[in-house]
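Read the structure below first, then the notes.
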Amino acid sequence: MTYALIFLSGLMAIVMWWLVRQTVNVKPWTEQRSVEIMQGDGGLSLPSVKVGLGVFLAVATSLFALLISAYHMRMMGEDWTKLPVPRVLWLNSAVLILASVAMQRTRAAARQGQLERVKSGLIASGVLSFSFLAGQLWAWQQMDAAGYFVAANPAYAFFYLLTAVHGLHLLGGLWVWCKTTAKVLRGVEVGKVRLSVELCTVYWHYLLVVWLVLFAVLLHTHT
Amino acid sequence: MTSITHDESAYVPPAEVEEPELYHPKSFVGKYIWSQDAKVIAVQYAITAIGVGLVALVLSGIMRLQLGFPHAFSFINPSNYLQFVTMHGMIMVIYLLTALFLGGFGNYLIPLMVGARDMVFPYVNMVSYWVYLFAVLLLMASFFVPGGPTGSGWTLYPPQAILPGTPGANWGIVLMLVSLAFFIIGFTMGGLNYVVTVLQARTRGMTMMRLPLTVWGIFMATILALLAFPALFVSAIMMTLDQTLGTSFFMPALVSQGQHLNYNGGSPILFQHLFWFFGHPEVYIVALPAFGIVSDLIAVHARKNIFGYRMMVWAILAIGGLSFVVWAHHMYVSGMNPYFGFFFATTTLIIAIPTALKVYNWVLTLWRGNIHLTVPMLFAIGFVFTFINGGLTGLFLGNVPVDIPLSGTMFVVAHFHMVMAVSPVLVVFGAIYHWYPKITGRMLNDTLGKFHFWVTFLGTYAIYYPMHYLGFLGVPRRYYAMGTTVFVPESAQSLNEAITIAALIVGAIQVVFLYNLIWSYFKGKPAGPNPWRATTLEWQTPHTPPKHGNFGATLPAVYRWAYDYSVPGAAEDFIPQNQPPGKKAKGLEQALDASDLGAQKLDGAGTPKPIGS
C-alpha cells in the first residue's frame, strides 16, 4: 500500500496547504465586512470544469496508485513469473506520445484561434489515440496467441487488467474528443471549443504519464 | 476597516458568479424523474436509500428472530442466515448511509448552504442518481438469482466468498461486486459535484471559514470517499476476475470439497488490505457528515454559537487525514507483524483526539445554552451520548491485546452498531426532522416525533448494551446458532431473547416515523420559511420549499458566519448570514476599527460586544 499512501499523503499535503491559506488567522466570528470591500470568497479563479477535471484526475490517480500497490504486493508471491512484454508496446508508447504532442499543438492552435489547425490537430490526435488502442488489443492478441492467458499467471492477469483500465480511461477521453471534433467539423467558432480542447490536452498528457508509469511497472517485474 | 486596502489584482467575483445555465424542465417527467435539480435528486436519493434501508432493517429483524429463538423458524436456515447478515451489513453501510448522507443531504444542503443555484454539473448529478439506482437494483436482483445473494459476510473476504459452500458463491457474489463497482462510478459523479460546488460556487462573502459545519463535514467526507472508493473498486474488479476468469489475485492454491482448484498463490491478505483501505475511511465517510450536521443542530436548537468553530473545522480535517492510516486495525487477527499492529494501534488511539475534541465542543456548546428540546435536538443529544458510548469501546478494540480475544465476539457487533449504526442513524433522523420543513414546507408532527425518538433511543440501548456483555462472555458473532459450550451460561440465551424483543419493537416503531413523513406531507402544520429561526442560507430562501434556482432573482451575499445566535443587543436571537451590518453600526464599526479597539465587535444593532461571545 506504500504507493497509494505516498500519493495520498502528497494529495493531503496539497489540500491542507490550500486550507491553511483559507483558514489560518481568519476569525469568522469577527468578520462583518460589507460587500464593497469584500475580496472574493477564496474560490479558485478557474472554470469549474477545470477544477472538476483536476478532482477527477486525483480520483483516477488514487485508482492507479492502488493498482500498482496491489501489483507490487502480489509480486511477492512465489508463483510470479516474468512478464514477456510484447514488443508492440514500445510502438504503442510512441504512438501515444505523438497523440499527446498533437493535442498540445491543437491547444496552441485553439489559443490562436486557427480553426483549420484545430481541426487537423484534433483528427491527428484522435487517429493516433485509436491506433494506440488498436495496438493494445494487438498486444493482447500476441499474449493470448503465445499462451499467456489471463488466468495462467498473476503477472499476465495484471498486464490485462492494467492495460484494460488505462484503455477504458482513454476511451472516456475519446468520447469527449468525439463531441469536440464533431463541433469543430460543423464549423463552430474556435472560442467555443477552446475549453474542451484544453481539457482534452490535460487529460491526454495525464493518461500518457499514467501509461509510461504502468509500462515501466510492467517492464520492471521481477522473476 | 480602513486598514483594508483595495487590491485591484485580487480576484473579485462578479455579483453573480458564473450564472449557470439552469436546465428548465417542461414536463412532469423532466421535473421529477429525469431531474437535474439537486433538490429533486436529493429526494430521489433519500427515498431510494431509505427504501433499500427498510429491506436491510427487515433482514436484521429476521436475524434477531433466529438468535433470540433458535430453531423456532423453519424458513431461516444457516445459509440464508449468513446471506441476511451480509446483505444487511452491506446495504446499511454503503447503500443506505453513504448514499443518504452524501447523495441525499449533500445534494440538498450544499447548494442551498453555500448560496449556489444548483450543483456545478447538474447533468452529471442526474446520471449519478440513476447509476446509483441501477446499482441498488443489481443488488436487489441477487435475491432472485439461483443460489441467492452472497453469504460471505459484508467484508466479502476471499477465498471463502467465491468458494462452493458459501451461499451465493456463483451469482450472488458477482452481482454484489458489480453492483459495488456501479455504486462507486455513480458516487464519483456525484462526489465531483459536491467538491467542486463547495470550491467554486460559493456566493459572495461565503469564505470557507463561514461555511456551516454541515458543509464542512460533507465536503471532507466526499474527499475521503473519492479517494477511498477506488480501493473497493480495485478489489471488486480483481475478485470478479478471480471468480469469473479464474485469475489468482486473491485466491491461494487450495483444496475445496476434495477437489484441487485451479487457483495458485493468490493473497487473501492483499484483499483485506485493499478492502480496509477503503473500509476504514468509510467509517468517517459516514461519521463526518453526521458530525457536521449535529454541530449545526446543536447550535440552532441551543441558540448558541458553536464552541470552537475553527477547532471543529481542523478536527474534521485531521480526522479525514488520519482515517487513511488506521485501516489495519481491522486486521489484528490476520497474523500481522506485531510492530505493524503497534503502529496501527497508535494511530487508532491518536484519531480519538480530534474526535474527542469535537465531543467536548458539542457539550460546551450546550453548556448554558438556551436549550430547546425539540425533536431534532433530542436526536442530536442522543447522538452525543451514543457516540461517546460507542467511541469508548473503540478504545478497547483499538488495542491489539484486547482486540484479539474480543474480535470474534458480539462485543465487536455491539461497538460497531453503537458507533457506526445507531449514532449516524440518530443524526439522520434529527436532520430529517430539522430540514423536513424546508423540503416540504410543513412541520413533522411533534408528538409522534418525540415518541419515535424515545422508543428508538432507549430501544437501541436495550439492544446493544447487553450485547457488550454477551461479547465478554465469549458469545461468537456470525453464528447461526450457539449449540452448547462450557463457557457460555444458559442465561445468555434469555439475554438474546430480550435483545430480540427490543430489536423488533425498535424496528416496528419506525413505521410511526414513516407514517409521520407521509401524513405531515399532506396534513402537517405549515412551517413558514424559517421555523427554527436559523441563520444559514437555506432558511433565507424567498420560497419554501425553494424553487429551482434556490434564491430567486439575485444570489444572497454573506456578511457573517453561520453561528450568530443570541448576539447581545441584537433585536432577535439570531442574525441570518445574509443580513448586512446595520448602517449606523457601520460608521461606529469603522471608528472602532480605526481607533484599534480590536477586542470589540459590533452586532447588527450597533452595540459593541466582546469577541467570541
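The values are calculated or read from the model by the stated rules, or taken from the named source; none is laboratory data. Predicted model, so just to flag it, every value in this text is computed and none were measured. Heads up, the Cβs are rebuilt from the backbone with ideal geometry, glycines too, and the neighbour counts pull from every protein chain shown. Accessible surface areas use protein heavy atoms only, side chains included; no ligands, DNA or RNA. Shrake-Rupley method; radii C 1.70, N 1.55, O 1.52, S 1.80 Å.
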Query raised in the report: Between residue B:141 and residue A:108, what is the FRET efficiency for a Förster distance of 56 Å, r being their Cβ-Cβ separation, to the nearest 0.05?
Result: 0.65
Report summary line: When chain A is treated as a Gaussian network with springs between alpha carbons less than 10 Å apart, the largest mean-square fluctuation among A:106, A:180, A:81 is found at A:81
Query raised in the report: Can you give the charge dipole size of chain A about its Cα centre, rounded to the nearest 20 debye, using +1 on the beta carbon of Lys and Arg and -1 on the beta carbon of Asp and Glu?
Result: 660
Query - Dipole-positive endmost among B:42, B:78, B:219 within the protein assembly as shown (Cβ charges, Cα centre) - result: B:42
Query raised in the report: Between rounded, prolate and oblate, where does the protein assembly as shown land on the alpha carbon gyration tensor, with a ≥ b ≥ c its root eigenvalues, rounded for a/c under 1.5, else prolate if a/b exceeds b/c?
Result: oblate
Requested in this report: Mind listing, in residue-number order, the residues in the stretch A:146-173 that have at least 40 Å² less accessible area with every protein chain present than in their own chain alone (1.4 Å probe)?
Outcome: A:150, A:151, A:161
Report summary line: Given GluC sites (Glu not before Pro), DSSP loops and at most 10 other Cβ atoms within 10 Å, the longest exposed-site-free stretch of chain B is B:22-489
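Taking beta carbons within 10 Å but only from partner chains, what does the mean come to for residues B:246-254?
Numbers: counts 5, 11, 8, 8, 3, 0, 2, 1, 0.
What the average comes to for B:246-254 is 4.
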Query raised in the report: Residue farthest toward the positive end of the dipole of the stretch A:2-220, with Cβ of Lys/Arg at +1 and Asp/Glu at -1: which of A:19, A:2, A:156?
Result: A:19
**Report entry** Cα-projected label distance for residue B:356 with residue A:220, points at 7 Å along beta-carbon direction, nm
**Finding:** 4.2
Query - GNM top mover of A:94, A:65, A:102 - chain A, alpha-carbon springs below 10 Å - result: A:94
Query raised in the report: Classify the stretch A:51-127: rounded, prolate or oblate, from the alpha-carbon gyration tensor (a ≥ b ≥ c, eigenvalue square roots; a/c under 1.5 rounded; otherwise prolate if a/b is larger than b/c)?
Result: oblate
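Using a probe of 1.4 angstrom, how much of the accessible area of chain A is carbon and sulfur, in percent?
Values: 6740 of 10100 Å².
Using a 1.4 Å probe with all protein chains present, chain A comes out at 67 percent carbon and sulfur.
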Report summary line: Interface B-A: total buried accessible area (1.4 Å probe, Å², nearest 100) of 5800
Query raised in the report: Other chains' Cβ within 10 Å of B:265-273 residues: what's the mean?
Result: 4
Report task. Could you go through the stretch B:522-534 in sequence order and give the Karplus-derived ³J(HN,Hα) for each residue, using 6.51 cos²θ - 1.76 cosθ + 1.60 with θ = phi - 60°, rounded to whole Hz, and x for Gly and Pro? Result -> 9, 10, x, 5, x, 8, x, x, 9, x, 8, 6, 9
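Quick check: from the Cα gyration tensor, does the stretch A:2-220 come out rounded (a/c under 1.5), prolate or oblate?
It is oblate, given that a/c is not under 1.5 and a/b is not larger than b/c.
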Query - Karplus 3J(HN,Hα) series, Hz, for the stretch B:150-165 with 6.51 cos²θ - 1.76 cosθ + 1.60 (x for Gly, Pro) - result: 5, x, 8, x, 5, 7, 6, 4, x, x, 4, 4, 10, 9, x, x
**Report entry** Threshold 10 Å², the stretch B:169-205 residues less accessible with all protein chains present than alone (1.4 Å probe)
**Finding:** B:188, B:192, B:195, B:196, B:199, B:200, B:202, B:204, B:205
Requested in this report: Would you mind getting the accessible area per residue of chain B, heavy atoms of the protein chains only, 1.4 Å probe, in Å²?
Outcome: 38
Query raised in the report: What is the magnitude of the charge dipole of the protein assembly as shown about its Cα centre, with +1 placed on the Cβ of each Lys and Arg, -1 on the Cβ of each Asp and Glu, and no other charges, expressed in debye to the nearest 20?
Result: 1240
Query raised in the report: What average number of partner chain Cβ atoms lie no more than 10 Å from the Cβ of the residues making up B:206-213?
Result: 5
**Report entry** Karplus (6.51, -1.76, 1.60) ³J(HN,Hα), θ = phi - 60°, over the stretch B:384-390, in Hz, Gly and Pro reported as x
**Finding:** 4, 4, 5, 5, 5, 4, x
Query raised in the report: Got the relative contact order for chain B handy, in percent, Cα pairs under 8 Å and 6 or more residues apart?
Result: 15
Query raised in the report: In the stretch B:115-253, carbon and sulfur make up what percent of the accessible area (probe 1.4 Å)?
Result: 76
Query raised in the report: In debye, nearest 20: dipole of chain B around its Cα centre with unit charges on the Cβ of K, R (+) and D, E (-)?
Result: 1040
Query - Pair residue B:508, residue B:521: separation of 7 Å Cα→Cβ label points (nm) - result: 2.5
Report task. Take the cross-link list A:50/A:192; A:27/B:358; B:304/B:523; B:31/B:450; B:304/B:547; A:27/B:438 and give me the ones stretching past 25 Å between alpha-carbons. Result -> B:304/B:523; B:31/B:450; B:304/B:547; A:27/B:438
Query raised in the report: Amide H of residue B:442: which non-local residues (sequence gap of 5 or more, or other chain) have their own amide H closer than 5 Å, using H built in the peptide plane?
Result: B:527
Report summary line: Sorted by chain and then number, the residues having a modelled amide H within less than 5 Å of the amide H of residue B:409, at least 5 places away or on another chain, are B:477
Query raised in the report: Rounded to the nearest whole Å², what accessible area per residue is found for the stretch A:2-220 with the 1.4 Å probe?
Result: 45
